[in-house]
Amino acid sequence: MKHSFKFLLGLLLTAQTLQAQMIDTTKVSNTVVKNDTSINLPSKDTVYTIQSSMIAVSVLSESGSAGMPLSITGRFLLGGYIPSERITQTEARLKSQVSGGIASTMQLNVSDKFIIRRHQMGGIRFNDDAFRLVFQGNGAYLGQTLDAGINKAVQWDVLELGLGFEKSKKLLHGKGRVTYQGSINPGWLRSYSAINNFRAQVFTDTLAQHVDVLWGGSVQRAQGGFGLTINSGITYDFSSGPWKMVFVGLENAGLYYTNDLKTYNRLPGMADSTVRLQTASTSLNRIFRGDWFGDRVDTIKRQIGLDSSRKSKTLLAPFTVYLAANHEKWGFVRLSYRNLPGYLPRLDYQPKIRLGIGAVRFYPSVSLGGFDTWNINLLSYWTWKPIQRGGLQVNMRLEGLESLAMPGRFNGFGAYVSLRVRL
Amino acid sequence: MALTTVACSRKTARWDNNVAVPLFSTEMTLNDVDRRFLVNNASDSGYTLIYDNLVYNARSLRVTAPDTSLNTAFTLRRLKLSDRSIVQRITLAQINPTFRLLDGQTIGVPAQNQTNLSPVDIDASAFFETATLDSGFLDISINNELPVKVSLLVFELQNASDGSVVAKDSFLNINQGSSATKSISLRNKTVNKGLKGVIRHLITEASNGPVLINASKGVEVTLTVRNLRPRDAIAAFPNQNVIEQDEALVLDMGGPQVKFFKVKQGWLRLKVESTIQENMTMVLKIPSASLNGVPLERVVKMPGARPGATERKEETVDMSGYLLDYRGRDPNVKDTVNTFHQIMIVSLDSSGRKVQVTLNDSLRIYYALTDLLPEYATGYMGQTLNNSVGKAPFVLFKGADGNIVFKDFKASVLVKNSIGAEGRVRVKSLESENIFSGNKVKLSASPLNNDVIIGPAPFNYGETTDKQVVLDGSNSNIKAFVENLPQFIHYDIDIETNPNGNVSNWKDFVFDNSSADIYLRLEAPVSFTVGGLNLRDTQGIEAASIPQVQRVKTATVIFDVENDYPFEVDMAFSLLDQYGNSLGDVSVYPGTIMAGKTTPTGEPLAASRTILRANIPRERIESLRKAHAVAIKARVVGNGTQQKIYNTYKLKVKTSLQAEYEAQF
C-alpha cells in the first residue's frame, strides 16, 4: 500500500521536480554574448564590444509562477524549508489553474567562438488539487476527493557546445548596419521528462481505511540522446532617426533524438478502473515468512495497471523567439516567447533611466508574462579597466524585486550574473 | 564538467505534508482466544461459551448471470443511395447538323430516319462516382421538343469508360411537346458517373407545313435513379441505418428462473471495429438494464476508416448498481424469465464526402456483460437436491488432545437459511474424528432421523431463518461425540431447495452471500484465570517500507474497533521487529472499547464502535521504522455474572496511519 502511494505521490512530485529543476534562458538570450547585450540592454551605448580575447562566464537562475509565491518557488531554486503556514496561505489564494517554471543556465564563452553551456529548464501547468496533494498530502483532505491534474509538464537538461559566428555589414549610403549573429550547437540530452494530461483522482476516507485512486495520463522519460540546435539573430542598427536598433532572434531551435524514451501510462481498458488501497489481514505465519508485503504490493501494481514502453523519438527543442527594439526616447522593449508549458508571451520594457554610483550603472525595467505575471527588474553594471585594452565587467540583473520585498505575496525571482574578462 | 558539478549542487526544497495510508484490518474471534488463560472450571464459570462450528455451507443457489455477449462481424445488409434526377438535352443540331444552318427559319421539315447518332456526354456525378447495384431503377423520360412527332426513338445509355451498356429502350409515338417514360432495372449493373447517351434510331414524321426551326431544342432526356441498393459504390451516401436488431435473448441460468438481477459487480465491455469509410454511429440500448430507472444506452461514434484501415473504439461501463430485468421484451404482454432485451442500431452518418462503401465492408462488434455478480436476484430458484459428503474442521479443539473436558455442555444442530426459498435438510451422518488419538465417534441422534424443513429467509441482507435441533443424552450419543475432542467432523448431508416446488410464485430470492449453513452448536460453561478472556492477533505493517522513514516527524496510528462482545474490551498494542521481538508498547487512547449490543438470547445484534489513537512521537519513530508487525491484545472485561459468549462474536480492527512527512525535492 505504501509503495503504491509512494508511486502515485512520486508521479505528482515528479511534476514538481520538473518545476524545481527548471531553468530560464528567456531573460538571457545569451547563448551568444552579443545577443545578450543587444537584447537586454537599454541602448546601444551599453553594448559591450566583444573582443576575440574575451572570456565570459555567466550564470542565471530563475523561477516564476502564475499562482505560487517566491517563498515557495524560490525554495526549489535555492533549497530550504517551506513553512506549513506559507503553504496554507498560498493554498488560500490558489487559482484553479497554476503554472510556473524554473530555469538555470551556466555558460562559458571563449572569445564568443566557443561556448559551453548547460541548460536546465522546464515548465508546468497543473490545477489547484495537484498543489494540495503535493504540498498538503492526502491526509489533509480526509473524506474529500482531490482531482489532481497536470495538463502538461516538460523538463529538459542539456549540455551544449556552441560554435559561434558573426557577420556584420554596413549598409549603403550610411543607412546603418546589419549584423548577423548565431551559433550552431551540437548538444547532449542529459535528461528529458514530460507529463501529458496526467490525472489522479484521490479519495481518502475519513479514517484513511481506504484510498481510492483513479488515474490516467502519460509520463515520458528519457536519459541520453543528442541533438543539434541553432541560435541566430539579426540586429539592425540605425544610423539616424529615433529608432536605434531592432533585433529579431531565434534561440535553441532544433531537434534532439533519443532512442530510449520510456512512456508510462495505464493499460488500455483500465482507464475507468479505480485502484483501492485498503486495510487487509495477513496470517501470522505469513507475516514473519516475509512474503506478504511483496504480494500485496504486486496486487496493487496489477490494479494500478502501469504499462510502459520504449521507443525512439525526435523531440523539438524548447526554442525561444525574440523581437526587440530600442528607441532613442522611449527606451528598450522586447517581446519574447519560449516554447514551454506554463510560459506566456513576455514583454520587457526598460525606460531611458540610468542611475549611477561611481563605476556602477543601474537600469530599472518591468516585465509582463513569462513564467510569471509581472516583475520589477534592475540591471547593474560595473566596469574596471586597469589597462588600455584589458578590463573586467560585472553584469548583474535581478528580476522580481517585488517578490524579494514580499516573498509570500508575489511570484517570480531571477538573478543573472556575468563576469567578462578582456585580456 | 564544472558546469555539471555546479548544477547538481542545488539544495533540496523541503516541506511537511500529511500522508494518510491504510495499514491492516483483522477480526478477532474466539478462535483467537489465548488458550493459556482458558481453564476448565465449570463450577466457577463466569461465561457460557456458545460455539457454532460450521459443518456445511451450501452455496449451491448462488445465481450468476451468464456473460451476455455478442462477438460478430457484420457486413452491411443494405445500403441505399439517394433518389436523384439529371436532365440532358440532345438538340436538333446534334441530331442533324443541317438544322444548324436553318436555325430561326420557318420551313417544312421532311420525315427523318436516322441511326446511330453521335453520342452525347452525360455527367451523372450527381448520382455517384460509380456503383454496382443490387437493385434499383433508372427512369428514362424523353420529352419531345422537336417541331415534329417522334415515331420511334431508341435510346441507349453507356458507361463512357468502357462502352458497356447500362440501359437501352425504345420509345414510340411521342407527339410534339409530349413525353414518355420507361423504367429500366439496374440490377447487377455497374454504372459510372461518366455516361454517354446515344440515340440508336430516330424516326420522325414530316411536319404539317412550315415550322419554326430552333436548333437548340431537341429531345430532353431526364434520367432518374430511384430505390438504388448498391453492393459497392463510391458515392456520397445519405444517412441510413445499416443494422437494426431488436432481440430478446433467452439465457441459460443453469436452473433458476430469474425475474430480476441487481448487479453488485460487473462490466459492460464494448469494442467496435469498422472498415467502413463513412462515419458510423452504433447505438446499443439495453432496456433490460437500468440504473435508477434509466435504461442503459451507449452511443459509440466511429469516424470513417481510412481506405484499407480499420477504425477501433473501446468502452467499459461499470454495471454496479444496475437492475437487470429478465422478464422479457415487454413484461406487460408476456411476463417471462431469463430473457434479456437488447436493441442495436448502427447508422451511417453522411459526411457528404464521396467514399467507397460496399456490402462487404465489415463492422465487428463485440459487446459483453461480463463478470456479473448479484447483489440479489429474484425469481424461482428451482428445485435442487444436493448430497454432500465431506469433512469440516472443528476449530475449538484444534491442538487439544484430551487436556480439556467440557462438562454440562449442550449441543444442537443449527440450520441457518439466508436464502429466500424453502429448504429441506437431511443429516444422514455425522462423525467426529480426533486425529491425535485416531478415534472416530459416529453421532446417533433420533431427532436427525427426520427431515428438517426450514422456511425462507426474510428479504433483508444478512438475515436468516433458523431451525435448531437439540441433542442431549436422552436422544443421542452427543456426549461421546463431543468428548472425542474432534478436529474434524465428517458429514453426509442432503439439502434440497423448494422441496414443494414454486410455492412462492417466483418470489424466491438470493443475496450474494445467501446460503444454507449447518452448524454444530456447543454451549458450555467456561471460566478464565485472572487474566480474563484474552484475544490475541498479530498483523504486519512493514513500516520500513515507507520511503525515507526518518523523514516521518510524527505519526498517529488510528485503530477503528467494532466490538460485538457484550462486554467492554481493553485493547493493548505493541510493535514487533522482524523476529517477533517486542519493540515496546504503543499507548492508545481511549484504551477501552465499549460493549456491543446483543439479542435477548445473547447473539450479536449491534457492534459498538470506538476509535483509538496512538500518537508516536518523533523519538519513537525509530521503533516504528524497525516494526514489522503489531501485536494486538484484547482483554474481554466480564461483569461478574454468567454471560454467554458466542464464537460468532467479532472484534473488528481496522488500522490506518497518518504521518507528518517531510517531502523533499
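The values are calculated or read from the model by the stated rules, or taken from the named source; none is laboratory data. What you see is a predicted model; the values in this text were computed from it and never measured. Cβ: placed from backbone, ideal geometry, glycine included. Neighbour counts: every protein chain shown.
When A:Ser191, A:Ser183 are checked against the criterion of being modelled with pLDDT of 90 or more and either more than 24 Å from A:Phe319 (Cβ to Cβ) or of a type outside the set (Lys, Arg) (or both), a single residue qualifies: A:Ser191.
For A:Asp128, the criteria (1) within 12 Å of chain B (Cβ to nearest Cβ); (2) among the charged types (D, E, K, R); (3) closer than 29 Å to A:Met406 by Cα hold in every case but one, which is (1). Counting just the residues of region B:367-387 that are farther than 21 Å from B:Asp512 by Cβ and out of contact with any Ser or Thr (no Cβ under 7 Å at 6 or more places or on another chain), which one comes out modelled with the lowest pLDDT? The selected residue is B:Leu385.
Considered as a group, the residues in region A:162-204 that are surrounded by 18 or more Cβ atoms within 10 Å (Cβ to Cβ), in contact with a Ser or Thr (Cβ under 9 Å, 6 or more places away or on another chain) and among the aliphatic types (A, V, I, L, M) include one that is nearest to the other protein chains (Cβ to nearest Cβ), and that residue is A:Val202. Selection of first residues in region B:88-104 that are crowded, with 18+ Cβ neighbours inside 10 Å and of second residues that are among the acidic types (Asp, Glu), restricted to Cβ pairs under 9 Å at least 6 apart or on distinct chains, gives the following pairs, ordered by first then second residue: B:Ile90/B:Glu220; B:Thr91/B:Glu145; B:Leu92/B:Asp103; B:Leu92/B:Glu145; B:Ala93/B:Asp103.
Restricting attention to region B:210-218, does a residue exist that is touching a residue at least 40 places away in the same chain (Cβ under 8 Å), under 25 Å from B:Gly321 (Cβ atoms) and polar (S, T, N, Q)? No, because not a single residue in region B:210-218 is touching a residue at least 40 places away in the same chain (Cβ under 8 Å), under 25 Å from B:Gly321 (Cβ atoms) and polar (S, T, N, Q). Looking at this structure, is B:Ser527 more than 30 Å from B:Lys264 (Cα to Cα), at pLDDT below 90, touching a Ser or Thr at 6+ places or on another chain (Cβ under 9 Å) and surrounded by fewer than 22 Cβ atoms within 10 Å (Cβ to Cβ)? So B:Ser527 passes the test. Taken as a whole, the condition of being assigned to a strand (DSSP E or B) and in contact with a Ser or Thr (Cβ under 8 Å, 6 or more places away or on another chain) does not apply to A:Asn411.
Residues of region B:214-234 that are modelled with pLDDT of 85 or more and β-branched (Val, Ile, Thr): B:Val219, B:Thr222, B:Thr224, B:Ile234.
I need the strands (runs of 3 or more DSSP E) fully contained in region A:49-113, keeping only those with at least 1 residues that are within 13 Å of chain B (Cβ to nearest Cβ) and surrounded by 24 or more Cβ atoms within 10 Å (Cβ to Cβ).
Numbers: elements: A:54-66, A:80-82, A:97-110.
Filter on region A:49-113 gives A:54-66, A:97-110.
Of all the residues in region A:332-360, those that are touching a residue at least 60 places away in the same chain (Cβ under 8 Å), out of contact with any Lys or Arg (no Cβ under 6 Å at 6 or more places or on another chain) and in a strand (DSSP E or B) number 6.
Tell me which residues, restricted to region B:268-296, are part of a loop (DSSP other than H, G, I, E, B) and aliphatic (A, V, I, L, M). Talk me through it step by step, then tell me what you get.
Here is the first cut: in region B:268-296, the ones part of a loop (DSSP other than H, G, I, E, B) are B:275-278, B:292-293.
Across region B:268-296, the qualifying residue is only B:Ile276.
Go through (1) away from every other protein chain (no Cβ under 14 Å); (2) out of contact with any Gly (no Cβ under 8 Å at 6 or more places or on another chain) and name the single condition B:Phe559 misses. All conditions pass for B:Phe559, except number (1). Among the residues of region A:309-326, those identified as more than 17 Å from the chain's Cα centre (by Cα), surrounded by fewer than 17 Cβ atoms within 10 Å (Cβ to Cβ) and not polar (S, T, N, Q) are A:Arg310, A:Lys311, A:Lys313, A:Leu323.
Can you spot a residue in region A:123-144 that is in contact with a helix residue (DSSP H, G or I) (Cβ under 7 Å, 6 or more places away or on another chain), under 22 Å from B:Arg14 (Cα atoms) and assigned to a strand (DSSP E or B)? Yes; the residues of region A:123-144 include at least one that is in contact with a helix residue (DSSP H, G or I) (Cβ under 7 Å, 6 or more places away or on another chain), under 22 Å from B:Arg14 (Cα atoms) and assigned to a strand (DSSP E or B). Against the list (1) touching a residue at least 24 places away in the same chain (Cβ under 8 Å); (2) in contact with a strand residue (DSSP E or B) (Cβ under 6 Å, 6 or more places away or on another chain), the condition B:Arg625 fails is (2). Sort out which residues of region B:303-347 are without any contact (Cβ under 8 Å) to a residue 60 or more places away in the chain, in a strand (DSSP E or B) and of a type in the set (A, V, I, L, M), and write them in order of number. Across region B:303-347, the qualifying residue is only B:Val317.
Just so you know, in region A:234-250 the residues that are in a strand (DSSP E or B) and of a type in the set (Ser, Thr, Tyr) include one that is surrounded by the most Cβ atoms within 10 Å (Cβ to Cβ), and it is A:Thr235. Determine if region B:597-620 includes at least one residue that is surrounded by fewer than 19 Cβ atoms within 10 Å (Cβ to Cβ), modelled with pLDDT under 85, of a type in the set (Gly, Ala, Ser) and within 15 Å of B:Glu562 (Cα to Cα). The answer is no, given that none of the residues of region B:597-620 is surrounded by fewer than 19 Cβ atoms within 10 Å (Cβ to Cβ), modelled with pLDDT under 85, of a type in the set (Gly, Ala, Ser) and within 15 Å of B:Glu562 (Cα to Cα).
For region B:210-256, the set of residues classified as within 41 Å of the chain's Cα centre (by Cα) and part of a loop (DSSP other than H, G, I, E, B) consists of B:Ala236, B:Phe237, B:Pro238, B:Asn239, B:Leu251, B:Asp252, B:Met253, B:Gly254, B:Gly255, B:Pro256, listed by residue number. Entry remark, region B:410-448: residues being under 18 Å from B:Asp494 (Cα atoms) and in a loop (DSSP other than H, G, I, E, B) number 6 in total. Filter region A:136-161 down to the residues that are of a type in the set (A, V, I, L, M, F, W, C) and either more than 11 Å from chain B (Cβ to nearest Cβ) or buried (at least 24 other Cβ atoms within 10 Å of the Cβ) (or both) and list them by number. Scanning region A:136-161 gives A:Leu146, A:Ala148, A:Ile150, A:Ala153, A:Val154, A:Trp156, A:Val158, A:Leu161. Of all the criteria given as (1) modelled with pLDDT of 85 or more; (2) part of a loop (DSSP other than H, G, I, E, B), the one not satisfied by A:Gly269 is (1). If the condition is being more than 14 Å from chain A (Cβ to nearest Cβ) and touching a Leu at 6+ places or on another chain (Cβ under 9 Å), then region B:314-338 contributes B:Gly321, B:Tyr322, B:Leu323, B:Leu324, B:Tyr326, B:Asn338.
Residues in region B:435-478 that are in contact with a strand residue (DSSP E or B) (Cβ under 9 Å, 6 or more places away or on another chain) and more than 30 Å from B:Val510 (Cα to Cα): 15 in all.
In this structure, A:Thr204 does satisfy being in contact with a strand residue (DSSP E or B) (Cβ under 6 Å, 6 or more places away or on another chain), within 30 Å of B:Thr655 (Cα to Cα) and of a type in the set (Ser, Thr, Tyr).
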